[in-house]
Number of protein chains: 2
Amino acid sequence: MILNCPLPKLDFDTINIGHGSGGTLTDQLLNAGVFKLLSNEYLDKKHDGAIFTLNGKIAMSTDTYVVSPIFFEGGSIGDLAINGTINDLAMCGANAKFLTLGLVLEEGLKMTELWEILLNIKAACDASGVKIVTGDTKVVERGKGDKIFINTSGIGEVHPRANIDMLNIKDGDKIILSGPLARHGITIMSSRQGLQFETTIASDTRPLNNIVWQLLDKYGEYIHLLRDPTRGGLATTLNEITTDTKLGIDIIQNDIPVEEEVYGACEMLGLDPLYVANEGLFIAVIDKSIADDFLADLKAWEYGNLASIIGVVTAAHPKQVVLRSTIGGQRVINRLAGEQLPRIC
Amino acid sequence: MILNCPLPKLDFDTINIGHGSGGTLTDQLLNAGVFKLLSNEYLDKKHDGAIFTLNGKIAMSTDTYVVSPIFFEGGSIGDLAINGTINDLAMCGANAKFLTLGLVLEEGLKMTELWEILLNIKAACDASGVKIVTGDTKVVERGKGDKIFINTSGIGEVHPRANIDMLNIKDGDKIILSGPLARHGITIMSSRQGLQFETTIASDTRPLNNIVWQLLDKYGEYIHLLRDPTRGGLATTLNEITTDTKLGIDIIQNDIPVEEEVYGACEMLGLDPLYVANEGLFIAVIDKSIADDFLADLKAWEYGNLASIIGVVTAAHPKQVVLRSTIGGQRVINRLAGEQLPRIC
């Protein structure tokens with residue numbers, strides 16, 4: 001990818017405050033390659049917004065990405081910004097279609113870094129079949145930002161059979177986790193601390209729209225809720241469910257997949273994997289009648305080999321998430337109290 | 001407004017890094033009043049995104065607001081973030097309907113400041129009949145941001161008779177400006193420099209969706225282009241038109257409205273009002289046959305008393321914007337070269 005898209009020839013090699021002026025320098029920056037790289041029929045209009053036709057049920061989502069560092073094992077802030085919003089829409093049962101791209105650049109950002117991020121954005125869009133239809137670029141003075149913040153907002157069409165709502169969750173529903181916990185958070189944390197592991201731990205950033213769409217095709221309204229346990233981790237997501245539904249959740253420690261090297265890193269860093277952020281992971285709360293088939297389908301997915309039924313919804317202990325250990329012990333799992341790891345996404 | 005919406009009781013009076021955790025503190029911040037203040041049927045779901053039904057031609061836009069200072073005469077970053085995206089949609093011929101709200105807060109931001117901005121956001125939404133349907137809150141460390149950056153992205157329904165496109169512009173079209181130039185930019189600049197004027201100059205931030213919709217009702221496809229001359233000012237907007245259409249534009253200096261005190265401030269600051277940013281202002285490029293009626297309707301609008309036909313599209317000097325002075329002189333007006341005033345919006 002990078003070989004095919006060298007950094008365009010420019011008169012400047014870092015971002016300066018004039019690139020946010022809306023004038024000639026902004027124009028130079030965008031026309032130097034950004035418009036061409038991300039080109040599509042909507043963006044090419046270069047209007048204040050994009051115009052298109054939509055019919056039916058639509059989902060809309062937004063996220064600003066402030067992850068630090070901006071490059072890490074397995075991805076960059078560019079991938080994250082595209083995949084993250086695609087995934088927020090997928091959790092609504094929607095297939096992302098159009099995204100907006102809002103950049104806040106810090107004066108002094110290297111053009112090579114910006115270009116690499118834009119290439120990641122382009123690749124992530126292509127991989128998921130989404131288009132960036134309009135955008136905005138601002139520049140802030142040195143020390144008033146941190147290299148680059150990216151907002152992506154998106155809309156997508158909701159699957160005709162999707163009926164994803166907390167209110168559908170009921171006693172006996174199964175909770176499925178699509179893969180192993182804590183990879184993204186541990187990657188960012190170890191990258192910041194300069195830690196080396198025997199094997200390379202990489203972020204799990206990836207788009208979930210296709211697998212979610214396939215599951216909705218097959219299981220439709222039997223899927224009661226989808227959530228991606230990002231900031232705050234699995235524990236926080238499950239607590240949001242128990243708070244909103246007033247039901248309880250039992251999870252089984254041994255059934256929660258955590259890769260060995262990630263578990264080791266968590267121990268070393270003093271982190272509980274239940275609270276560590278994930279990116280390309282989702283939980284599904286589903287009707288128990290489909291649980292085995294759903295799990296089998298998820299396991300057949302490229303990234304689903306460690307998918308697992310991790311627990312069950314129960315009326316027995318309302319508003320509580322209870323973790324049951326192998327040896328019969330149990331403890332209540334609360335949501336993340338403070339900040340485990342700032343700027344994870 | 002403020003009297004009716006006191007700052008909710010909180011255990012904290014500044015933002016700390018934990019408010020971006022996605023855990024308990026984020027929850028406290030949002031549930032302390034944000035969700036209640038901005039409440040609507042979509043936001044109340046507290047999902048990763050909002051779901052609604054749309055049919056037909058839709059416009060979508062995004063902008064990140066990084067204005068400094070965050071409070072200024074006539075408004076705040078909150079008003080700006082709502083009105084600005086409403087106006088970008090209006091320039092597409094669309095009436096804003098749903099907005100997303102992405103906050104990047106700097107550690108240490110005072111809760112009273114955040115709350116005042118949120119009240120401005122709420123008031124601006126109510127004034128225009130738009131809803132914030134989903135949002136995102138991030139916190140960055142002290143010195144890695146600047147109090148608050150706000151992204152708003154929005155969608156709106158395009159007027160059935162709107163056909164706004166550079167390609168519709170032709171020789172002889174009239175160019176109308178909706179009001180006096182340079183108020184927003186001068187307000188920000190004088191606020192930063194601590195300048196006092198005899199009369200108070202205030203930002204022209206305001207929503208343009210209703211007036212634009214009324215004009216589209218009446219003039220439809222006779223309106224060839226709408227643009228709001230924000231960053232880079234009128235000169236840059238007109239140059240974008242001549243670049244894209246390959247036509248020329250003549251503007252008449254005496255017909256361009258600039259209020260006396262604003263003109264004086266521009267002189268004092270060494271700024272050309274043609275390059276100073278505006279917020280609640282638009283230009284319309286329209287068929288000459290409707291020019292007088294269009295102007296009369298615009299003048300009848302609450303903020304339109306200084307609206308004026310400022311020029312004409314011409315094939316005589318392709319790709320050039322020419323300013324003709326009272327005494328017969330003329331000069332070519334180029335787009336803004338560097339950065340006149342960073343972080344105006």
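The values are calculated or read from the model by the stated rules, or taken from the named source; none is laboratory data. Given the structure is predicted, the values throughout are model-derived calculations rather than measurements. Note that we place each Cβ from the backbone using ideal geometry, even for glycine, and neighbour counts take in every protein chain shown. The area values use the complete protein model at the heavy-atom level, side chains included, leaving out ligands, DNA and RNA. Shrake-Rupley method; radii C 1.70, N 1.55, O 1.52, S 1.80 Å.
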| task | Return a yes/no flag: does the range A:235-246 have any residue that is touching a residue at least 60 places away in the same chain (Cβ under 8 Å), touching a helix residue (DSSP H, G or I) at 6+ places or on another chain (Cβ under 6 Å), assigned to a helix (DSSP H, G or I) and buried (at least 21 other Cβ atoms within 10 Å of the Cβ). | result | yes
| query | When both residues are 6+ apart or on different chains and their Cβ atoms are under 8 Å apart, which pairs have a first residue that lies in the range B:284-300 and is under 17 Å from B:Ile164 (Cβ atoms), and a second that is in a helix (DSSP H, G or I) and of a type in the set (S, T, N, Q)? | reply | none
| query | So which residues in the range B:17-42 are surrounded by fewer than 22 Cβ atoms within 10 Å (Cβ to Cβ) and not in a loop (DSSP other than H, G, I, E, B), if there are any at all? | reply | B:Ile17, B:Thr24, B:Asp27, B:Gln28, B:Leu30, B:Asn31, B:Ala32, B:Gly33, B:Phe35, B:Lys36, B:Leu37
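Rundown of residues vs (1) more than 11 Å from every other protein chain (Cβ to nearest Cβ); (2) touching a Leu at 6+ places or on another chain (Cβ under 8 Å); (3) within 26 Å of A:Glu267 (Cβ to Cβ), yes/no style:
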position	(1), (2), (3)
A:Val133	no, yes, no
A:Glu141	no, no, no
A:Pro160	yes, no, no
A:Met166	no, yes, no
A:Gly172	yes, no, no
A:Pro180	yes, yes, yes
A:Phe197	yes, no, yes
| message | Against the conditions (1) in contact with a strand residue (DSSP E or B) (Cβ under 9 Å, 6 or more places away or on another chain); (2) not in a strand (DSSP E or B), where does A:Thr64 fall short? Just the number, please. | response | (2)
| task | Quick one: in the range A:76-122, of everything that is in contact (Cβ under 8 Å) with a residue 60 or more places away in the chain, acidic (Asp, Glu) and in contact with a strand residue (DSSP E or B) (Cβ under 8 Å, 6 or more places away or on another chain), which residue is surrounded by the most Cβ atoms within 10 Å (Cβ to Cβ)? | result | A:Asp88
| query | Would you say B:Thr64 is facing another protein chain (nearest Cβ under 8 Å) and surrounded by 16 or more Cβ atoms within 10 Å (Cβ to Cβ)? | reply | yes
| query | Hey, does the range B:272-279 have a residue that's open to solvent by less than 60 Å² (accessible area, probe 1.4 Å), among the aromatic types (Phe, Trp, Tyr) and farther than 14 Å from B:Ala182 by Cβ? | reply | no
| Residues A:Leu89, A:Leu10, A:Leu38, A:Leu25: which one is among the hydrophobic types (A, V, I, L, M, F, W, C), in contact with a helix residue (DSSP H, G or I) (Cβ under 9 Å, 6 or more places away or on another chain), over 30 Å from A:Ile283 (Cβ atoms) and within 10 Å of chain B (Cβ to nearest Cβ)? | A:Leu25
| query | Within the bounds of the range B:46-59, is there any residue that is buried (at least 17 other Cβ atoms within 10 Å of the Cβ) and part of a helix (DSSP H, G or I)? | reply | no
| request: Give A:Leu208, A:Leu225 a once-over and let me know the one that is open to solvent by less than 50 Å² (accessible area, probe 1.4 Å), modelled with pLDDT of 95 or more and touching a Leu at 6+ places or on another chain (Cβ under 9 Å). | output: A:Leu208
| request: Take the range B:143-158 and flag every residue that is of a type outside the set (Asp, Glu), within 11 Å of chain A (Cβ to nearest Cβ) and part of a strand (DSSP E or B). | output: B:Phe149, B:Ile150, B:Asn151, B:Thr152, B:Ser153, B:Gly154, B:Ile155, B:Gly156, B:Val158
| request: Report whether or not A:Arg183 is basic (Lys, Arg), assigned by TED's automatic domain parsing to the domain that holds A:Gly270 and at pLDDT below 95. | output: no
| Regarding B:Glu141, is this residue assigned by TED's automatic domain parsing to the domain that holds B:Glu73 and open to solvent by 40 Å² or more (accessible area, probe 1.4 Å)? | yes
